[in-house]
1. For segment A:175-264, what relative contact order do you get, as a whole percent, if you take Cα pairs closer than 8 Å and at least 6 residues apart?
2. Roughly what angle does helix A:367-387 make with the longest principal axis of chain A, taking Cα atoms, 0 to 90 degrees, to the nearest 10?
3. Given the options B:L45, B:L138, B:L397, state which has the largest fluctuation in a GNM of chain B using a 10 Å cut-off (strictly under) for Cα springs.
4. Could you please rank A:D197, A:D347, placing first whichever residue has the fewest other Cβ atoms within 10 Å of its Cβ?
5. Out of all DSSP beta bridges with both ends in the protein assembly as shown, state the antiparallel percent to the nearest 5.
6. To check you understand DSSP bridge types, tell me what percent of the beta bridges within segment A:42-203 (both residues inside) are antiparallel, rounded to 5.
7. For A:K159, give me every one of the lysines with a C-alpha distance below 30 angstrom, ignoring sequence neighbours fewer than eight places off in its own chain.
8. When we measure straight from the Cα of B:K398, which lysines land under 16 angstrom away, once same-chain ones fewer than 8 places off are left out?
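Here, each number is a calculation from the coordinates, and none is a lab measurement. These numbers come from a predicted model, not from an experiment. In this analysis, Cβ positions are derived from the backbone assuming ideal geometry, glycine residues included, and neighbour counts consider all displayed protein chains.
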Amino acid sequence: MPRMPMIERLYRTPVVQAVAKKAGLPEPPRLVRGRIYPTLPIALATPGGGRLAADTLTLLGLSPTEALRDVPDARTQGEDGRAKPPAYPTKLGALVLDVTGLRTIDELELVRQVLRPAVRALGNGGRVIVVARTETTLDDLEAISVQHSFDGIMRTIGKELRAGATANLLWTLPETTPADLASTFSFLLQGRSAYVDGQAWTIGHADTPVLSDQPYAGRIVVVTGSARGIGAAISRTFARDGATVVGVDMPASGEGLAAVMNEIKGSALQLDISTPEAGARIAAHVTSRYGDDARVFAIVHCAGILRDKLVANMDEKLWAAVLKVNLASQFAMDDALLDGRPGGIADGGRILTISSTSGWAGSRGQTNYAAAKSALIGRVRALAPRLAPRGITVNAVAPGFIVTDMTASIPFLEREMFSRMNSAQQGGKPVDVAETLAYLADPASQAVTGQVVRVCGQAILGA
Amino acid sequence: MSAPRAVIVGGNRVPFVKMGTAYAKASAQDLLTAALDGLVARYGLAGQRLGEVAGGAVLKHTRDFNLTREAVLGSALDPSTPACDLAQACATSLEAVIYLSNKIATGQIQSGIACGVDSTSDAPIVVTEQLRQTLLALNAARTLPAKLAALASIRPAHLAPQAPAVTEPRTGLSMGEHQALTTKAWGITREAQDELTVASHQALARAWSEGFFDELVTPYLGVTIDKILRPDTSMEKLAALKPVFGGPEGTMTAGNSTALTDGAAAVLVVSEEWADIHHLPKLARFVDAEVAAVDYVDGEEGLLMAPAYAVPRLLARNGLTFDDFDFIEIHEAFAATVLSHLAAWESEEFCTTKLGLTHALGAVDRAKLNVNGSSLAAGHPFAATGARMTASLAAMLKAKGPGSKGLISICAAGGQGVAAILEAV
């Protein structure tokens, strides 16, 4: 740990903390992480009669209670004489809202009726999950508009929720089954999604296997950039879930790489991923360590570099270095690993990459970095349908402000400001990015492909 | 059923550095543990129990009597992996390769790591013999007057610490002084020594730039490359150095002699079957080895000339000549040591009178000699050198292709020399 600067030490004192709280800068809520379901009740509402969410909860062995509805008959008289919405007997762990059957503007009232009491009752780390219908599968203009309204509703709820509670939206198809949705529900309900807030992504349909707590047992996962920070957390998370991890990092980062790989019983490959033979070297490592028949189940492209300069000062070297390492190298590695060679990516495998809020929203001084990170989003969306026939899914995460050794070098006030500019009112941890990737790569997430999920605590930036 | 054969899976070492620099505060045990952990990570061996880890150090604290076992306990290996310390001076870790290969061949073990470390920075400081005697007497004294008498016998001169010396106990000469005698006897010129030195630095620099060490070295304490390496050294720069051995007329300088070095290296040696079961690469088979010793005390032979005897005996037993080898790795204790060995093998007189051959053994093709550099450029942490050379040679043989052969030769203190043959699987 670097020594805390004076201003930061002062800020941590009880007196200043008390002042900060009054000034609207309270200590951020403590997020609950890990493979933990809410201990409080889960309420389910199905205005419009959709069965998808209900059946998914049943599949997960969860028994929801019926959501209360804020209708005039259910209201009570408060001491101040005003009508009060119905109140849940205890705090809620989650509200699951299946709106797939809603088609008319008038029916949106049913959604308000459910949200009002539930949002009041959500406890620490509570969850709102909205299951909606992808508009491209609808014809009726009103129905399309109504379904699209949930994007705005969900994002607003996310901003109104406090105490580490999150709201997210899942777009589904008519073919989407509870099995398709189970891994996503499990992820969103559990602590694994603590820093995923205000996001919407699509769950399609596929031949989806059963969900497991050790989804990667017997599977090889390659993580580039795994010597430290987010890459190390990704490696540890996949290993926790059963994976045999092949960690890849620059030869100069070998010491940290060896330590992480020994900790998780993986194997280390010291390799500059921007060399043309990187993909072949990874495949050769896989067969030489794990047998000629061994194949990669998932590759997580985490390695990346920064060469920040305002575009007015950006020369061709800074430009090219970032595009080569952060973008072109992934094309080259994937091409090699997808050509059917021993040690390459197996059919039914996974390709994952790390975009960035900088790629999503732009970031001053980072044209090269934003170009690469934004390009990755385009690549994920275009590559997914091309690899669908082989059962290979392609997804990305876009981290927001994640606290690492690198961010520790940002001056305190700036860092404190950045880290609070989101609904969670704090920076995320590397494990939050790792958990999201591990969910996206899960064999049970077969129906999730071509998606970019932000891990940003619903950052204001580019929301 | 034929006897199991030992194969080299791969190796790992820390970058080597000059004594008293980046690793000044690391102990020999720290260095050896780092070398082991890098190897474990490269081959995914964390938590596994191996047959045996064998290794050692030349400069060793008494507290490090179980150095290798302690390093294993501090590593990511299963703590139930046994270990033993062994010593063969500068050939320690090559001797460990032979020891493990023989155990594998007899079926006693299936897998092992041969390793070595030396930290001139962590060298034990020894007190004078007089002070040692006094302290022992003090310990034995039972009465206060006896204790005081013991203490009173201490003289200021007794308190000077004895720096660790690389001298031969029987001659009192340092290794360099011994080599200077041999260098003169064989008429090895300054120019030839400097040429070999430049070649070593250039070859090692090229190997680093080609990524040859990506799978052989793991950084340690922020050091990512061998620090003794001087890619830009030249005949002119080396010519400017003053002789350090052999008097004012001497030809041996700090440039063409190895520097005192801190470092550690390890090499994974397993049976072919074990490699197959654990899906590990088989770079090269361990074929055979020979240890020779010479009588240097009476001046009959040079201190570092034993490899000149070990290699011909090894070749004869295996029916091989230098031409049968693709790579020949001769430890560069001093540039002159390598050149003295080469000269001896080219000498009809030496080969007939000393080796009992009918003619000269022949010349070593310089294009096959130390092609990725050796100790002059990499440095020489004494006990680690054998493991460094074994791992590098095995990787070179693998790249060359099945059936290619390599020879390793290392001179050691006490007038000893160890040679071994590897063959690509």
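1. Values: 111 pairs, mean separation 22.4, N = 90.
RCO, segment A:175-264: 25 percent.
2. Approximately 80 degrees, to the nearest ten.
3. Residue with maximal mean-square fluctuation among B:L45, B:L138, B:L397: B:L138.
4. Numbers: A:D197 30, A:D347 12.
The fewest-first ordering by Cβ neighbours comes to A:D347, A:D197.
5. On the way: 45 of 113 bridges.
Within the protein assembly as shown, antiparallel bridges account for around 40 percent of the total.
6. Values: 2 of 25 bridges.
Percent antiparallel among DSSP bridges in segment A:42-203 is about 10.
7. Output for A:K159: A:K21, A:K22, A:K84, A:K91, A:K373, A:K429.
8. The reachable lysines, counting only those whose Cα sits under 16 Å from B:K398, are B:K282, B:K368.
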